[in-house]
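For reference, the structure is listed below as structure tokens.
The values are calculated or read from the model by the stated rules, or taken from the named source; none is laboratory data. Predicted, not measured: the structure shown is a model, and the values here were computed from it. Cβ sites come from the backbone with ideal geometry, for glycine too, and all protein chains shown count toward neighbours.
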Amino acid sequence: MDRRPLVAATAVAALAAALVSPTAAAHAERPEKTGKGFTEADKAGFGTARGRDSKVWFTLQGGRVSEVFYPDLSTPSVRTLELTVTDQGRTDQQSSDMTTVVSRPDERSLRFTQVSTDRDGHYRVTEELVTDPARSAVVIHVRLESLDGAAHELGVEYDPALGNGGAGDRGHSTQRVLKAEDEKARVASALVASPALTEAKDEKKGDLVQTATLPTTGGESTISLGFGRSDQDAARTAKAASGQPWATTAAAYDQGWHDYLGSLKPVPASAQAITRQYDASALVLAAGEDKRNPGAFVASPSVPWVWGDEIKDLSSPSASYHEVWSRDLYQIGTALYAMGDTAAAQRAVRWLFRTQQKKDGSFPQNSDTDGTEEWTELQMDQVTLPIALAHLVGQTDGRTYRGIKKAVRFLLHFRDEETGRKAPYSPQERWENQSGYSPATIAAQIDGLVTGAAIARDKGDAKLARRWERTADRWARKVKGWTMTTNGPLSAAPYFVRVTKDGKPDKGTRYAIGDGGPARADQRRVVDPSFLDLVRFGILDPQDPDVLNSLAVVDGDLKVDTPNGSFWHRFSFDGYGEKANGDEWEITDDGSRETFGRGWPLLAGERGEYAVQAGQSGAPYLQAMANAASASDMIAEQVWDGRPPTDAATHLAGEGTRSATPLLWSHAVLVRLAWTIQNGRPVDQQAVVADRYPR
């Protein structure tokens, strides 16, 4: 999931239930850039109330509250909100002077607890965090305990970034209320506390930062951070949230999530051993839906690496992961359907076809939650996966069917502007920074054509259905010829490659991998496991000799064994990840090999789905995914893979990297694998496809 436009890549290329370990200690070694950018993407927590009255989401990172999203999940409006403690004349901050442990005390809720202690053992700060189910406010209950008998003073430091950036933020604080407003963005915030704040003030540290003292009663205080269209609206919201007891707010918040889990299918027997991680995945998936735009599920509530660094051209304003991606939404939708939330999966389909491009029938590469297109590159799987999802979840009304016909028309008439090639050639494949013939992308196109044909036939368009099926059949016959080499250097037997530039897999065509990888890699030398989509969708037999040999090749080139289980790299020479010293990923020159992609939990899940089809146990792969979750049950995009900076202290093999966390695709595959194991076949393998290609 290489989150950048192909044009940028081209320019550079030629883009278990437990308390958590004290991960914040690692962050203390990397001070944040003062007044610039958003926090790291490895979130320890992500929460929101279940209902739609509370249009605010919080994240936790580095011991503090990090991005808070308001009024939708594409708009971060807070950089950080962290507590301070004055200890013997020195003021400590959570992110730099304390070690923080994060947990979810109720495994059926997205309520989080953060416990922060100073390194000398003088005090302990405990925070419990929810959002008010009745309004757009984050509510935090704080308890300060002295461990040395001395008096300590509690404070708060708040860095707003209203409307997705701090440039327009203006402070209007009173003694007891921290008020901030961005008039152009029409977004405002207000922070109040009970007991009331004292010494509230606005400061400029490159941008607006607000501070105040937090008096306590019995060592306790409750903070309410409210939002609105003006600072008066925000203040009313914050004060209303502050006006009810903490216990009442927390109980209502928990009950909303308890009721949601109760509305789903029971945890399958296949996932009983990982119930906590399964429930967390269901909660994270549901929380990832925007409340102003139902059906819009973002990829992740995070901004990894330079995407969150405002001094970079890539990220101002912040975008990328907290956008809706058609491909990711398919993965999320299949999981929602599997766990019993068919209504949400149908909302996702309706959102997709509501935001379909009117000009040609394609879908945006990614977009804001309101459907505003962000990036403009084209992946052919993003055109056909919405069709397959519509058929899977039964969202086949007239409006959707009209959109399906437009999408298929686009597919069948597509011709790449640069090469003149027709589909199933794709300007971008699954991982977004290469064009060509991809087995996974072709599988998605076949799947969409056949499921679309089934809908067309149900609508009485038998002639149209036959045309679509003939195209799918022709591509199914040709897919090996386009994407499987018989003379590649990795095996004497045939195997699938990641992508061919020309549809000639026995030709040693060379291309730049991107992300600092080889500038001229032989396409026969580059493999990935995504060909397994041909098996999962039912196009190829799991025992096909070419599939079996390709698995052996992929395992030899990409498999990573860790204490948490086995994971896989995306593809040969992948460079989308941190540098060897742990520094963030950034665009680098071809051949530099400065950044390194690590193992992906979702690929372990997809391998498990294949294992079930092949008559093997999927349990080890499900357990590996669960093991990869943080102790607060968030699953990252990537895990450390044994290469530097993997170590035995802060970068454990099989544990999440600083990549996007939680990644909804990762959580979706965990849920889907659990149900694939339970049912004995892949959740998203549809009979109209599997029966068409007998094995």
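Details
- Residue that is nearest to Asp169 (Cα to Cα) [pool: residues in the stretch 76-102 that are hydroxyl-bearing (Ser, Thr, Tyr) and surrounded by 21 or more Cβ atoms within 10 Å (Cβ to Cβ)]: Ser77
- Residue within the stretch 150-157 that is in a loop (DSSP other than H, G, I, E, B), more than 33 Å from the chain's Cα centre (by Cα) and surrounded by fewer than 17 Cβ atoms within 10 Å (Cβ to Cβ) present: yes
- Options Gly89, Gly168; residue that is farther than 19 Å from Thr217 by Cα and out of contact with any strand residue (DSSP E or B) (no Cβ under 7 Å at 6 or more places or on another chain): Gly89
- Selection of the stretch 334-356 for residues being under 20 Å from Glu373 (Cβ atoms) and not charged (D, E, K, R) yields Ala348, Val349, Trp351, Leu352, Phe353, Thr355, Gln356.
- Whether a residue is modelled with pLDDT under 95, crowded, with 19+ Cβ neighbours inside 10 Å and either closer than 30 Å to Asp309 by Cα or out of contact with any Phe, Trp or Tyr (no Cβ under 7 Å at 6 or more places or on another chain) (or both) was assessed, and Trp585 passes this test.
- Matching option when the condition is over 11 Å from Pro601 (Cβ atoms), of a type outside the set (Gly, Ala, Ser), in contact with a Leu (Cβ under 8 Å, 6 or more places away or on another chain) and surrounded by fewer than 24 Cβ atoms within 10 Å (Cβ to Cβ), among Thr650, Thr646: Thr646
- Some residue of the stretch 641-656 being modelled with pLDDT of 95 or more, farther than 30 Å from Glu594 by Cα, out of contact with any Asp or Glu (no Cβ under 6 Å at 6 or more places or on another chain) and not in a helix (DSSP H, G or I): no
- With respect to (1) part of a loop (DSSP other than H, G, I, E, B); (2) under 34 Å from the mean Cα position of the chain (by Cα); (3) farther than 21 Å from Arg570 by Cβ, the lone exception for Val450 is condition (1).
- Total residues in the stretch 56-79, condition over 20 Å from Ser659 (Cβ atoms), among the β-branched types (Val, Ile, Thr) and assigned to a strand (DSSP E or B): 3
- Selection within the stretch 520-530: residues that are in a helix (DSSP H, G or I) and in contact with a helix residue (DSSP H, G or I) (Cβ under 6 Å, 6 or more places away or on another chain). The member of this set that is surrounded by the fewest Cβ atoms within 10 Å (Cβ to Cβ) is Ser530.
- Residue tally, condition under 19 Å from Leu191 (Cα atoms), over 28 Å from the mean Cα position of the chain (by Cα) and of a type outside the set (A, V, I, L, M, F, W, C), over the stretch 72-125: 2
- Checked against the criterion of being among the basic types (Lys, Arg) and either assigned to a strand (DSSP E or B) or on the phi > 0 side of the Ramachandran plot (or both), the candidates Arg135, Arg143 yield just one match: Arg143.
- Selected residue (only one of Val142, Val187, Val177 is touching a Phe, Trp or Tyr at 6+ places or on another chain (Cβ under 9 Å) and either closer than 18 Å to Pro215 by Cβ or surrounded by 19 or more Cβ atoms within 10 Å (Cβ to Cβ) (or both)): Val187
- Close pairs (8 angstrom Cβ cut-off, 6 or more residues apart or separate chains): at positive phi in the stretch 592-614, not β-branched (Val, Ile, Thr) anywhere: Arg593/Gly516; Arg593/Gly517; Arg593/Gly575
- Every condition in (1) in a loop (DSSP other than H, G, I, E, B); (2) within 24 Å of Asp159 (Cα to Cα); (3) in contact with a Ser or Thr (Cβ under 6 Å, 6 or more places away or on another chain) is met by Pro105 except one, and the failing one is (2).
- Asp533 modelled with pLDDT of 95 or more and either under 23 Å from Pro601 (Cβ atoms) or not in a loop (DSSP other than H, G, I, E, B) (or both): yes
- If you go through the stretch 497-517 and pick out every residue that is closer than 13 Å to Gly591 by Cα and not hydroxyl-bearing (Ser, Thr, Tyr), you end up with 6.
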